Each structure stands twice: as C-alpha cells, then as structure tokens.
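Novice: Take a look at this one; I'll ask things after.
The values are calculated or read from the model by the stated rules, or taken from the named source; none is laboratory data. Please read these numbers as outputs of a predicted model, since none were measured by experiment. Note that we place each Cβ from the backbone using ideal geometry, even for glycine, and neighbour counts take in every protein chain shown.
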Amino acid sequence: MSSTKITPVILSGGGGTRLWPLSTPNYPKQFLRLFGDNSLFQNTILRCSDNALFTPPIIVGNAKHAEITSDQLRAINIQNARLLLEPAARNTAPAIALAALCCAPDDLILIMPSDHLISKEDIFLSAIESAIDAAKDGWMITFGISPTKAETGYGYIKCGDTINGHDGCHNVPQFTEKPDIETAQSMLNSGNFLWNAGIFLFRANSYLEALKLHAPRIYETAQMSLSNIDTKSSHIYPEADAFAASPSDSIDYAVMEKADKVAVVPVSPQWSDVGSWDSIAELHDANGDHGDNIVIGNAKTIDAHNNLIHSRDIEVQMIGVNDLIIVAHEGKIVILPRGRSQDVKKLSE
C-alpha cells in the first residue's frame, strides 16, 4: 500500500430528479437507502474510510442539506469530515475548485460522486492505488468503467496507449458526450472506449493550474468566495455573491477535455450511477432475487410480469400488465414503461 494519503472529495450537491418522486430537491437520491441499511452517500464515505490510505473527507454539498449530511455522517460514526456548503449549484468544476482550494497544493484529491453504487470495492480501491504515482507526477486521472452494453446515458472515454512509466494508466485521445445508440454500439464494438464515471484523482494544484488556463473565471470566483473564510473549519460557507458569479460548468467540459496531462485507468468494479428507475430495476434483475416482478414495499400482482413496483405508502395491485415501473411516494404516483425512466425528470421540473 502506498504511503501517500489521499483526501476524498465527495460531491453531494445533486438533485436526483430522475428518481422522482422518491428523490426530491429537499431529500435527493444520495441520501436514500435504496440498497441495504446505508444510503448511497454513506456507502461512498465508508468506501474511503481506511485511515492508512485516506484522510478525513471533504464533502461538497448544498447548504440546505447540511443537517441531513451531518445526521448521516453521525449515524456511521464518521468524524473530522469537512462540509463545504455551496450557497448555489454551479456544477462540478466550481465545486471541485472549492475543494482543491481547501487543500495543500500537493495534496492528492479523489473526486467521487456521492450517489453511485460500487459493488466490488476492493477492485475499485486497487485501481485508485495503481494511479497514485501518475497523479503525483502531475497526471489528471479519470477512471473509466468497462462498458457492458451500448449505453446512451453515459459519456465515453477513449482508452489510448499506456503512459510511459505508469502501467495501467492510458492517455485519452477523445472524450465523447452521451452518444446516440448507433455511436454507442460502434464504440462498444471497438473495445477501446470506457464509460465516464465522473471519478478523478489528481493533485490539488494540477487541477487548479488547469482551471486557471482553461476556465479562469471559475478559478477566480472560487478563490474570491473563500478569500476570507476559514477553510479548516468543520463547516465551510463560501461567500454567496462571489460564488454565484461563477460560470456553471462540468469538470469534463471545463478541464478534462482540454488539459494535456489527462490519463484514464480502466476498472470494472460493478459500478452504477443509479441514475434512473430503469438502472435500479437492472441492478435488482442482476441479483435475480425478485422472481417475476421487483417489488420494494407493498404490492399484489396477478398475471403481471417484469414490473418494478416501489411503494412503501400504499399497496399497489396489478393484473395482466407487463414491463412497467410504478413508484408511489407521499401521495404521488408515477407510472411508465420500462425503458422510459430517463424522462421522469421532466415530471419534477
């Protein structure tokens, strides 16, 4: 195991609109207990709780979720975390800029979304450790998931040649945003494209220098918003007006697609971004423990097949219908065919 410690930076500001009505702006999906006793957020934190490899985490989230975040950290006995509480949502590039400015320049920071599911954590952690030396050398590492199907809901990373001196790390000739199905199938068939999981490892100053070059306004506003703030505090509140002036952009658009020293590490840790009700259905299907229908909560079915029913409030009864998703929560019910759950976010807008 490397002697270099990594600071986990957990991005927890998302709204999870594709899992409406269970996920709402006031209680988004990362805090839901969708699989087991812990929330996705809690499992993300526990994934990097080995004190030999990781420092206490920095959690970048929405200020209105401060109480939920603190309660969930307390429930899993995580102490010394720093909560970096955004006054407004400005996407991932500004959020990561805030976190990097709260670290020492040479600190290695591991950027992880808080709402992903990783089943094989040992494989994931091994991939992280394999990338440490390259990150220390100034490479900005992204972790690419080996694709299992032609998925149109993810971005893709082309996996190029191995980087000299850093086995397992490859250069990145191309990023592709969410493709159409024909392009996705072509990339899958080629065998050298990976899903973009939005997980990164780099030195804090590597990111900040790239940000200065490619998105200077994001860097400037992040720096201004923290200029009179104690960044070692347990609760860090960036100055609202300064941060609100930041452009809203993703790390991929602002930095990773433009920077020179960008590398990808392929990994297959049974990953899912749990981004829709269809993805939840697929995860349960893969486990094979639900029979004809996936029932989470209360339901009765007669001659109904291949349905996902999630209802803890009321009993759902179904006769003679197939391939549906039905979610009932707090007086709201959404019904749609399997395969259409990317459209659920339209209902929450």
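Novice: Identify all residues within region 142-186 that are in contact with a strand residue (DSSP E or B) (Cβ under 6 Å, 6 or more places away or on another chain) and of a type in the set (A, V, I, L, M); write none if there are none.
Specialist: Result: I145, I157, I163, V172.
Novice: Would you confirm whether or not region 70-90 contains a residue that is surrounded by 19 or more Cβ atoms within 10 Å (Cβ to Cβ) and of a type in the set (S, T, Y)?
Specialist: No - not one qualifying residue is present in region 70-90.
Novice: Sort out which residues of region 134-189 are surrounded by 13 or more Cβ atoms within 10 Å (Cβ to Cβ), of a type in the set (K, R) and in a loop (DSSP other than H, G, I, E, B), and write them in order of number.
Specialist: Passing the criteria: only K178.
Novice: Count, please, the residues in region 59-69 that happen to be of a type in the set (A, V, I, L, M, F, W, C) and crowded, with 23+ Cβ neighbours inside 10 Å.
Specialist: Residues in region 59-69 being of a type in the set (A, V, I, L, M, F, W, C) and crowded, with 23+ Cβ neighbours inside 10 Å: 2 in total.
Novice: While we're here: Can you tell me which of S190, S248 is in the same structural domain as F54 (by TED's automatic domain parsing) and closer than 20 Å to G14 by Cβ?
Specialist: From the options S190, S248, the qualifying one is S248.
Novice: With the checklist (1) in the same structural domain as N192 (by TED's automatic domain parsing); (2) closer than 25 Å to S311 by Cα in hand, flag the one item H284 doesn't pass.
Specialist: With respect to (1) in the same structural domain as N192 (by TED's automatic domain parsing); (2) closer than 25 Å to S311 by Cα, H284 is out only on (1).
Novice: Can you spot a residue in region 259-268 that is among the hydroxyl-bearing types (S, T, Y), over 30 Å from A104 (Cα atoms) and not assigned by TED's automatic domain parsing to the domain that holds C102?
Specialist: no
Novice: Another one. Quick test of your reading of the structure: I229 fulfils all but one of (1) more than 26 Å from G155 (Cα to Cα); (2) buried (at least 24 other Cβ atoms within 10 Å of the Cβ); (3) among the aliphatic types (A, V, I, L, M). Name the failing condition by number.
Specialist: Against the list (1) more than 26 Å from G155 (Cα to Cα); (2) buried (at least 24 other Cβ atoms within 10 Å of the Cβ); (3) among the aliphatic types (A, V, I, L, M), I229 comes up short only on (2).
Novice: Considering only residues of region 33-45 that are surrounded by 18 or more Cβ atoms within 10 Å (Cβ to Cβ) and in a loop (DSSP other than H, G, I, E, B), which is modelled with the highest pLDDT?
Specialist: Among those that are surrounded by 18 or more Cβ atoms within 10 Å (Cβ to Cβ) and in a loop (DSSP other than H, G, I, E, B), it is S39.
Novice: Show the residue pairs that are 6+ apart or on different chains and have beta-carbon atoms under 7 Å apart, the first residue being within region 239-256 and farther than 15 Å from A63 by Cβ, the second being β-branched (V, I, T) and not in a helix (DSSP H, G or I).
Specialist: Going by the 7 Å Cβ cut-off, the qualifying pairs are M256/T142; M256/V262.
Each row is one residue, and each column tells you yes or no for (1) farther than 24 Å from T148 by Cα; (2) in contact with a Cys (Cβ under 8 Å, 6 or more places away or on another chain).
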{"residue": "E177", "(1), (2)": "no, no"}
{"residue": "L194", "(1), (2)": "no, yes"}
{"residue": "G198", "(1), (2)": "no, no"}
{"residue": "L208", "(1), (2)": "yes, no"}
{"residue": "T221", "(1), (2)": "yes, no"}
{"residue": "L226", "(1), (2)": "yes, yes"}
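Novice: Across region 312-323, what is the number of residues that are in a strand (DSSP E or B), within 19 Å of D278 (Cα to Cα) and not hydrophobic (A, V, I, L, M, F, W, C)?
Specialist: Result for region 312-323: 2.
Novice: Here is a further query. Considering every residue within region 276-298, establish whether at least one is part of a loop (DSSP other than H, G, I, E, B), within 30 Å of A89 (Cα to Cα) and touching a Lys or Arg at 6+ places or on another chain (Cβ under 8 Å).
Specialist: Within region 276-298, one or more residues are part of a loop (DSSP other than H, G, I, E, B), within 30 Å of A89 (Cα to Cα) and touching a Lys or Arg at 6+ places or on another chain (Cβ under 8 Å).
Novice: Would you please name the residue that is nearest to the chain's Cα centre (by Cα), looking only at residues in region 99-133 that are in a strand (DSSP E or B) and farther than 25 Å from A222 by Cα?
Specialist: Selected residue: L117.
Novice: For region 55-94, name all the residues that are over 18 Å from the mean Cα position of the chain (by Cα) and in a strand (DSSP E or B).
Specialist: The answer is R82, and nothing else.
Novice: Let me ask another. Scan region 324-345 for residues that are touching a residue at least 24 places away in the same chain (Cβ under 8 Å), over 25 Å from the mean Cα position of the chain (by Cα) and assigned to a loop (DSSP other than H, G, I, E, B) and jot them down.
Specialist: E330 - this is the single residue of region 324-345 that is touching a residue at least 24 places away in the same chain (Cβ under 8 Å), over 25 Å from the mean Cα position of the chain (by Cα) and assigned to a loop (DSSP other than H, G, I, E, B).
Novice: In region 210-256, how many residues are under 16 Å from I96 (Cα atoms), under 24 Å from the mean Cα position of the chain (by Cα) and in a loop (DSSP other than H, G, I, E, B)?
Specialist: 9
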